[in-house]
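I have placed the structure first, in the form of structure tokens, so that the comments after it can refer back to it.
The values are calculated or read from the model by the stated rules, or taken from the named source; none is laboratory data. This structure is a prediction, so every number in the text was calculated from the model and none was measured. Glycine gets a Cβ as well: all are built from the backbone with ideal geometry, and neighbour counts include every protein chain shown. To get the accessible areas, we keep the full protein, side chains included, count just its heavy atoms, and leave off ligands, DNA and RNA. Shrake-Rupley method; radii C 1.70, N 1.55, O 1.52, S 1.80 Å.
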Amino acid sequence: MCGIVGYVGPRSALGVVVEGLRRLEYRGYDSAGVAIISDEGAMQTAKKAGRIENLDAELAELTISGSTGMGHTRWATHGAPNDRNAHPHCDVTGRIAVVHNGIIENYAELQAELEQSGVEFSSDTDSETVAHLVAAELAKTAANGGADDLATAVRTICRRLQGAFTLVLLDRDHPDSVVAARRNSPLVLGIGDGEMFLGSDVAAFIEFTKQAVELGQDQLVEITREGYAITDFYGAPVEGKRFTIDWDLSAAEKGGYDYFMLKEIQEQPTAVADTLRSHFVDGKIVLDEQRLDAGVLREVDKVYVVACGTAYHAGLIAKYAIEHWTRIPVEIEFASEFRYRDPVLNRQTLVVAISQSGETADTLEAVRHAKDQRATVLAICNTNGAQIPRESDAVLYTHAGPEIGVAATKTFTAQVSAGLIVGLALAQARGTKYGDEIAAEFRALESMPEHIAKTLEGIEDVRTLAREIADSKAILFLGRHVGYPVAMEGALKLKELAYMHAEGFPAGELKHGPIALVESGLPVVVVMPSPMGRPLLHQKMLSNIAEISARGARTIVIATEGDELAAKHAAHLIEVPAVPTLMSPLVSTIPLQVLAAEIAQARGYDVDKPRNLAKSVTVE
Ligand code: M6R
């Protein structure tokens, strides 16, 4: 969702800010804007609905210069995505400019108060209230003879705000600093040499520095060329947590691919290998990044997995693995539903929260609910220091590197791998598997990057197929056992990228309704289990293929190499390497990612930035 950049230093702030906004484009947005304080002390703003190119065109007509500034990409919540509602927003005098990510839940009440005092609003956003409130606070302090200090005024106003916010503010009268504050929305600080940066995430300033600081909940930071000062909302100094960014600019660039997503699909062998690395030492599963005692895992008698979207599909696979290896009952929930249905949780419950970004508001709220109910929370996350791992009892990081394409690909396979590690760690702690069995499973896991690489070698055929079926009205996806989450993931990828009607069903459910959708020529993707691993399921899937073929569907079957029966019954066969059943999603998902990306390209859509979507969904 919204992307935020801030800068103070010797460079042209406009250049740094616009480049930072480009690097944050992947978060999803529908308008963009900047505010720069000129060396003469003028507040210069520009904002435009649509892509950053529209803002570029606007900027080309203006002369904006200065070395202190901020920028924003807006994903509309309150107010339509138009020029008027784009950020930044200023107070009536134009002294204060603000950009905001999040939702100010009590904005209506604050707006009414401001309107009563004569303020006229120039947008339909909740965010504009902050500019007016801060300006009013500064005016009040000045009238009382107090210090003319933006940071103090922002702290006072933050204490009145409810909801989620990252705010960055500029004060025309104090052009040498930028003030930012956060609650429930992300913000990191980049430390340069004589310059400082702010960003919704580190991608905003990765080309300038690798030294960063996490800004904690309910904290405010003021940056100047000389350094930074962090306080809580009452002014007490706080030590920020410093970290070094462990990836470089090349990871955030396309590297010769037309789209980030295509590069990220190819990076999956490395993403999985890096996620597995160092989790099996001296014959034992090691969760060294986590702070969980083995005793806590031993006591677990119930597991909930909570996640959204693609992470939910990874969670479904984790459920199958954890139940199979540990015999602990596992429930999986959409994070957005979890806390509203009063789930039964206690000290013996382990909640596994899966989130690539670690920012997803629904998952964060589910984590908070679980912690309130005294459950133990283990996060699986791809973003170092994000809010979800910070609030969880323990974290298992996936090491997929930055994922810029909105559609999750390499982070999905990394999450599946992490879910399998959690399953093995629980089996080890509870003694439901012998050491040699765990070792054998982990060795099989370690060979998966090789199998994924092999699968990727064979995707040319999927590309051709994609172009053939790109005009279809809809595509159905069927699977059983772990093939079912793969089918759901294939359908989600197609919906979000190709804007095509797609559904993933458990194959057995077909005749309970969805089969009515099958008509002549309809492509139906079938994720086959291996005949060796699951002979019974394999047989049943063959019957499903027969049922849909008999009704004229065009069956596209993803089957294990050498599966002659699948080859005989499929209209189109896509082969993947033979691997253990619980690990098979790591290979069978790959052709579905390619299929969706290729169909989207054939239909002329931007694969990296699908409409209406945001990479990090920071509002509920
Ligand atoms: O950052 P998260 O893993 O918490 O995000 C969850 C979903 O929003 C995300 O997986 C979404 O479904 C993707 N766009 C799917 O490709």
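With all protein chains kept in place, the per residue accessible area of region 275-409 amounts to 36 square angstrom at a probe of 1.4 angstrom. Computed from phi, the 3J(HN,Hα) profile of region 231-248 under the Karplus parametrisation 6.51, -1.76, 1.60 (θ = phi - 60°) reads 9, 7, 6, 10, x, 6, x, 10, 8, x, 8, 7, 8, 9, 6, 9, 9, 10 Hz, with x in place of Gly and Pro.
Looking at the chain alone, DSSP beta bridges between its own residues are antiparallel in about 60 percent of cases. Between the helical axis of 483-498 and the dominant principal axis of the chain, each derived from Cα atoms, what acute angle in degrees is found, rounded to the nearest 10? Once rounded, one gets 50 degrees.
Highest mean first, the peptides 19-27, 483-491, 238-246 sorted by other C-beta atoms within 10 Å per residue fall in the order 483-491, 19-27, 238-246. The radius of gyration of the Cα set in region 3-245, together with its Dmax, comes out at 16.2, 48 angstrom. Residues in region 263-279 carry Karplus couplings, in order, of 5, 5, 4, 6, 7, 5, x, 5, 4, 6, 4, 5, 6, 6, 3, 6, 9 Hz; the curve used is 6.51 cos²θ - 1.76 cosθ + 1.60 with θ = phi - 60°, and Gly or Pro positions show x. Toward the positive end of the charge dipole of the chain, with +1 on the Cβ of Lys and Arg and -1 on the Cβ of Asp and Glu, the farthest Cα among Val525, Gly3, Gly401 is that of Val525.
Using C-alpha pairs under 8 Å with a sequence gap of at least 6, the mean separation divided by the residue count of the chain gives a relative contact order of 12 percent.
The distance separating the Cα centre of region 435-458 from that of region 227-271 comes to 28 Å. Placing +1 on the Cβ of every Lys and Arg and -1 on the Cβ of every Asp and Glu, with no other charges, gives the chain a dipole of roughly 1580 debye about its Cα centre. The local environment of Gly508, defined by Cβ-Cβ distances under 14 Å, has a net charge of +2 under the rule Lys, Arg +1 and Asp, Glu -1. Across all directions, the shadow cast by the convex hull of region 454-610 built on its C-alpha atoms averages 8.1 square nanometres. Quick check: the angle from helix 128-143's long axis to the longest principal axis of the chain, C-alpha only, nearest 10 degrees? Long axis of 128-143 versus the principal axis of the chain: about 30 degrees. If only the Cβ of Lys and Arg carry +1 and only the Cβ of Asp and Glu carry -1, the dipole of region 42-168 around its Cα centre is close to 280 debye.
Charge tally around Thr166: other residues with Cβ under 10 Å, Lys/Arg +1 each, Asp/Glu -1 each, net +2. The Cβ shell under 12 Å around Lys454 holds other residues with a net charge of -4, Lys and Arg each +1, Asp and Glu each -1.
Here, P(r) means the percent of Cα pairs in each 10 Å bin from 0 to the largest distance; for the chain it is 3, 17, 25, 24, 17, 10, 4, 1, 0.
The apolar share of the surface of region 253-446, taken as the fraction of accessible area on carbon and sulfur atoms (1.4 Å probe, ligands and nucleic acids excluded), comes to 44 percent. For Lys47, the lysines whose Cα comes closer than 21 Å to its Cα, not counting residues fewer than 8 places off in the same chain, are Lys609. Taking 18 Å as the straight-line reach from the Cα of Lys511, the lysines in range (excluding those fewer than 8 positions away in the same chain) are Lys540. Angle of helix 448-457 to the longest C-alpha principal axis of the chain, folded into 0 to 90 degrees and rounded to 10: 90°.
Take the alpha-carbon centre of region 494-532, take the same for region 128-175, and report the distance between them in whole Å. Region 494-532 and region 128-175 have Cα centres spaced 54 Å from each other.
In terms of distances greater than 22 angstrom between alpha carbons, the cross-link table entries Lys371/Lys433; Lys263/Lys493; Lys410/Lys495; Lys263/Lys615 yield Lys371/Lys433. Note on region 454-610: dipole from Cβ charges, positive end direction compared against Gly508, Val576, Ala470; the farthest Cα belongs to Gly508.
Measuring between their Cα centroids, region 1-53 and region 183-212 lie 14 Å from each other.
Once Lys and Arg get +1 and Asp and Glu get -1 on their Cβ, which of Ala597, Ala46, Tyr228 lies farthest toward the positive end of the dipole of the chain? Of the candidates, Ala597 comes out farthest on the positive side.
Among beta bridges identified by DSSP and lying wholly in region 253-446, the antiparallel ones come to about 10 percent.
The magnitude of the dipole of region 3-245, with charges of +1 and -1 set on the Cβ of Lys/Arg and Asp/Glu and taken from the Cα centre, is near 520 debye.
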